[in-house]
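Everything on this sheet refers to the single structure shown next.
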Amino acid sequence: MSEQEPPAGRGPLPQKFPHEPTRYRKAAELIVAMRRGEIELQGEEGFPEDTAPRNRDEAQQISDLVIDLLGRPVLGWKFYINAMIQQAPLRTPIYDIWESPAVLPPETSQHRWIEPELAFRALRDFPAREKPYGYHEILEGFEAVPVFEVIGPRFRFDSAAHMRQVVNGYRINPRFDGLADGNASGGYVVGTPRKDWQELDWLKMRVTMDAGGERLVDTIGGHPLVDPFISMFPLVNLMRSRDGITAGMLLATHSYSGFIPVPADEKVVSTFSYFESVEAVFESKK
């Protein structure tokens, strides 16, 4: 049986390609140019064919190169856990964090997309090391933080519906451009943290989001993993093989809603059981 023919029921293994550093660097340079407003690339077209990442591993290498080329401090990590065979979670850097209540400039998100999440902030350093971090030291090393993730892809889309159409098309014809582009993240608005979160009942946690007099999200126990902290155990140990995690870094995974467009100049408020609310306003374009 070949490497690309797994046993029945396991699904396809990731496709392998030759290592091409020049390809990855070209893609990273395009992302940096988009971030700096020097060029525009349309989301439906994506990267030019000779630079487009062909699997998640290449998307990760491109994202890592962007960190070096952009030269901005990394304030945390967004982890995308897709539970795919032989593929580690995708980690992308967080460059922008605002305190709630936040006023967000229009360039933060081209169509004012936002989603409520529960993230965790490191209370101590978890430096790179050979020995795995144990469950108890990870559990005691974080505080829980209600947040908004601002969805701010550098690729251009006509609307939220257009972006969803393009992303849904990846299920048929997989593309990894958005993963390389920071997994479309534009930053996070952080609320008031809690250090005594360990006994909270995640199954009963209600999350709502309102904007412009309309309720946009209302869910109970709606996290994809039920317990949002579960992912911290493998993720801290994933990072120990790289640069580690420093105190104050924000670690974010998964949303309670998916991205939702909201009106400009209207207060967006999200409530989380057990936590204080989080607020943000997108400024309109001048």
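The values are calculated or read from the model by the stated rules, or taken from the named source; none is laboratory data. All values reported here derive from a predicted model rather than from experimental measurement. Neighbour counts are summed over all protein chains in view; Cβ atoms, including those assigned to glycine, are modelled from backbone coordinates with ideal geometry. Heads up: the accessible areas ignore ligands, DNA and RNA and are worked out on the full protein's heavy atoms, side chains in. Shrake-Rupley method; radii C 1.70, N 1.55, O 1.52, S 1.80 Å.
Observations on the model:
- Residue in the range 35-52 that is of a type outside the set (Gly, Ala, Ser), in a helix (DSSP H, G or I) and in contact (Cβ under 8 Å) with a residue 12 or more places away in the chain present: yes
- Any hit, the range 212-219, residues being over 17 Å from the mean Cα position of the chain (by Cα) and aliphatic (A, V, I, L, M): yes
- Any hit, the range 146-155, residues being of a type outside the set (D, E, K, R), open to solvent by 30 Å² or more (accessible area, probe 1.4 Å) and either closer than 28 Å to residue 219 by Cα or touching a helix residue (DSSP H, G or I) at 6+ places or on another chain (Cβ under 8 Å) (or both): no
- Residue in the range 55-85 that is nearest to residue 250 (Cα to Cα), counting only those that are among the charged types (D, E, K, R) and in contact (Cβ under 8 Å) with a residue 60 or more places away in the chain: 78
- The set of residues from the range 43-62 being out of contact with any Phe, Trp or Tyr (no Cβ under 7 Å at 6 or more places or on another chain) and either open to solvent by 50 Å² or more (accessible area, probe 1.4 Å) or among the basic types (Lys, Arg) (or both) comprises 44, 45, 48, 49, 50, 57.
- Any hit, the range 122-144, residues being open to solvent by 40 Å² or more (accessible area, probe 1.4 Å), of a type in the set (A, V, I, L, M, F, W, C) and free of Cβ contacts under 8 Å to residues at least 12 places away in the same chain: no
- Residue in the range 181-192 that is over 30 Å from residue 58 (Cα atoms) and surrounded by 18 or more Cβ atoms within 10 Å (Cβ to Cβ) present: yes
- Among the residues of the range 169-193, those identified as of a type outside the set (D, E, K, R) and at pLDDT below 85 are 169, 170, 172, 173, 174.
- Check on residue 242, closer than 30 Å to residue 128 by Cα, among the basic types (Lys, Arg) and either open to solvent by 40 Å² or more (accessible area, probe 1.4 Å) or part of a loop (DSSP other than H, G, I, E, B) (or both): yes
- Residues satisfying the criterion are present in the range 214-233 (criterion: of a type in the set (Val, Ile, Thr) and either assigned to a loop (DSSP other than H, G, I, E, B) or within 22 Å of residue 92 (Cα to Cα) (or both)).
- Residues within the range 67-120 that are surrounded by fewer than 20 Cβ atoms within 10 Å (Cβ to Cβ) and of a type in the set (Asp, Glu), tallied: 4
Rundown of residues vs (1) touching a helix residue (DSSP H, G or I) at 6+ places or on another chain (Cβ under 9 Å); (2) over 23 Å from residue 99 (Cα atoms), yes/no style:
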| residue | (1), (2) |
| --- | --- |
| 199 | no, yes |
| 205 | no, no |
| 214 | no, yes |
| 227 | yes, yes |
| 231 | no, yes |
| 250 | no, no |
| 255 | no, no |
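- When the residues of the range 238-283 are filtered to those that are closer than 21 Å to residue 90 by Cα and polar (S, T, N, Q), the one that is modelled with the highest pLDDT is 246.
- Top-ranked residue of the range 266-286 - restricted to ones that are among the hydroxyl-bearing types (Ser, Thr, Tyr) and farther than 24 Å from residue 105 by Cβ, ranked as most open to solvent (accessible area, probe 1.4 Å): 274
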